[in-house]
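The structure appears below as C-alpha cells.
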Amino acid sequence: MQINGKNIILKNSKTLEDFLKENNYIVGRIVIELNGEIVSKDKYSTINLKDTDVMEVLTFVGGG
Amino acid sequence: MDKLIIQGHEFNSRFILGSGKYSLELIKAAIESAGAEIVTLALRRANTKTEYNILDFIPKNVTLLPNTSGARTAEEAVRIARLSRELGCGDFVKIEVIKDTKFLLPDNYETIKATEILAKEGFVVMPYMYPDLNVARDLANAGAATIMPLAAPIGSNLGLLTKHFIKIIIDEIKLPVIVDAGIGSPAQACEIMQEGAAAVMINTAIATAKNINEMALAFKLAIEAGRKAYLAGLGRVLNFKAEASSPMIDFLEDK
C-alpha cells in the first residue's frame, strides 16, 4: 500500500488502529485520509488496511 | 472594551502570529511576548521520527488558524480545510490558494470559490487575497468572516506596498480587514492599524529578527499603538502652510 507517497508492503492484514500504533503515530495529533476520504478517529479500529490502499497521515506544523 | 470580533468570536489581541520558520522551542515564548490569541498552522505529512508536535508548544487558550498552504486550486484548499478541521482544533481556516510559485501571489478566483464552499460547511473562513475591492466584495458575499489582503509578497518583509488598495477595502467592506503577508517592521504594522485595519498577521518579520521575543513584543506594542491612534482619530494634515503650536501673542511682539 502507499503511505504519504511511499510504497510499503503490508506484512499481514491489520486494522488502521494497529498500524498507527506500530508506527508510533500519536492518534490525537494526526488526521487520516484513506483513498481520498477523511477517516474519523472512531473508525480506526474497524478499518482493515488493504494492499491497494492509498493513505495520507497528516499533522499540523508551523506555517504562516 | 475594544475587541476584535470574527464571526461572533471575540479577541482582545489584534496580533495574529504565524508559526512558520521557528524552532518549536521558540514558538511558545513568541506567542507569549506577542500576546497573540490566534496562531496560524499548516497541515503536512506526519513524520513519526519527530518527537514533538507544534501543538505541544501552543498554549491551550490560543485559537488555532490552520491555513491551506500548498493548495493550488479551490478543490485542494477545501480538502486541506476539511482535513484540518478533523484534527479537532476548531472551525477557523485561513484560505490560501497559490499557483504562482515565483511570487506566491494568491489566486483570487479560486479563493472565492473555496470561500463559498467552506462558509456553507460552517467554517470561519479567513481568505488571504490580493487587494482588489471587487474580489473583497465577492468574498464577503461568499460568506467570508474576514478579508486578509496582502501588503507585499509572502516572506518579503517589504512592507505596505499595497497600502492604498488595502485602505480602499477597509473603507468599503464591513468585515474585519486583517493585513497579512509582507509587513516587515513594527512601524508598518502600526501604520496600517492607524488606517483602520482590524488586525495584522506577522510571521517572517519576527521569525527572521535577531531577537525573536523582543521583536514579538515590539510588534505587540506597535499594533496596540496603531489601534489606539485609529480610535483616537489622527490629527488633520496641512499642506504648504504651517500653524504654530505655541501661542503667538503676549510676549515679544508686544515690545
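The values are calculated or read from the model by the stated rules, or taken from the named source; none is laboratory data. As the structure is a prediction and not an experimental result, all values here were calculated from the model. Cβ placement follows ideal geometry from the backbone for every residue including glycine, while neighbour counts extend to all protein chains displayed. Please note that ligands, DNA and RNA were not included when accessible areas were found on the heavy atoms of the full protein model with its side chains. Shrake-Rupley method; radii C 1.70, N 1.55, O 1.52, S 1.80 Å.
Considering region B:198-216, and only residues there that are among the polar types (S, T, N, Q) and more than 14 Å from chain A (Cβ to nearest Cβ), the residue that is least open to solvent (accessible area, probe 1.4 Å) turns out to be B:213. So in region A:1-17, with the set limited to residues that are of a type in the set (Val, Ile, Thr) and open to solvent by 20 Å² or more (accessible area, probe 1.4 Å), which one is nearest to the other protein chains (Cβ to nearest Cβ)? Checking each candidate, the answer is A:8. In this structure, is residue A:20 more than 30 Å from residue B:204 (Cα to Cα) and either at the interface with another protein chain (Cβ under 10 Å from one of its Cβ atoms) or over 10 Å from the mean Cα position of the chain (by Cα) (or both)? Yes; evaluated as a whole, the condition is true for this residue. Considering B:38, B:5, B:112, the condition of being free of Cβ contacts under 8 Å to residues at least 40 places away in the same chain and among the β-branched types (Val, Ile, Thr) is satisfied by B:112 alone.
Can you spot a residue in region B:71-85 that is among the charged types (D, E, K, R) and more than 25 Å from residue B:7 (Cα to Cα)? Among the residues of region B:71-85, at least one is among the charged types (D, E, K, R) and more than 25 Å from residue B:7 (Cα to Cα), which makes the answer yes. Could you go through region B:165-175 and let me know if any residue there is touching a strand residue (DSSP E or B) at 6+ places or on another chain (Cβ under 8 Å), within 12 Å of chain A (Cβ to nearest Cβ) and crowded, with 20+ Cβ neighbours inside 10 Å. Checking region B:165-175: not a single residue is touching a strand residue (DSSP E or B) at 6+ places or on another chain (Cβ under 8 Å), within 12 Å of chain A (Cβ to nearest Cβ) and crowded, with 20+ Cβ neighbours inside 10 Å.
Out of everything in region B:190-210 that is among the polar types (S, T, N, Q) and not in a loop (DSSP other than H, G, I, E, B), what residue ends up being farthest from the chain's Cα centre (by Cα)?
The qualifying residue farthest from the chain's Cα centre (by Cα) is B:194.
Taking region B:163-189 as the range and being more than 12 Å from the chain's Cα centre (by Cα), under 23 Å from residue A:63 (Cα atoms) and not small (Gly, Ala, Ser) as the test, the residues that pass are B:186, B:188. Within the option set B:99, B:94, B:21, being on the phi > 0 side of the Ramachandran plot and basic (Lys, Arg) holds for one residue only, B:21. Of all the criteria given as (1) at pLDDT below 90; (2) at the interface with another protein chain (Cβ under 9 Å from one of its Cβ atoms); (3) open to solvent by less than 10 Å² (accessible area, probe 1.4 Å), the one not satisfied by residue B:20 is (1).
Looking at region B:219-247, I want the residues that are within 23 Å of residue B:182 (Cβ to Cβ) and have a partner that is part of a loop (DSSP other than H, G, I, E, B) and open to solvent by less than 80 Å² (accessible area, probe 1.4 Å) with Cβ atoms under 6 Å, at least 6 apart or on another chain. Which pairs are those? Note: pairs meeting the criteria are B:220/B:35; B:223/B:14; B:227/B:14; B:230/B:196.
Counting only helices (runs of 4 or more DSSP H) that sit completely within region B:40-157, those holding 3 or more residues that are more than 9 Å from every other protein chain (Cβ to nearest Cβ), open to solvent by less than 20 Å² (accessible area, probe 1.4 Å) and small (Gly, Ala, Ser) correspond to B:74-86. Residue by residue through region B:217-243, note down the ones that are out of contact with any Gly (no Cβ under 6 Å at 6 or more places or on another chain), assigned to a helix (DSSP H, G or I), over 12 Å from residue B:30 (Cβ atoms) and open to solvent by 60 Å² or more (accessible area, probe 1.4 Å). Within region B:217-243, B:221, B:224, B:228, B:231, B:232 qualify. Applying the condition of being open to solvent by 50 Å² or more (accessible area, probe 1.4 Å) and free of Cβ contacts under 8 Å to residues at least 24 places away in the same chain to region A:36-60 and asking which residue is nearest to the other protein chains (Cβ to nearest Cβ) yields A:38.
For region B:29-39, what are the residues that are within 12 Å of chain A (Cβ to nearest Cβ) and part of a helix (DSSP H, G or I)?
B:30, B:31, listed by residue number.
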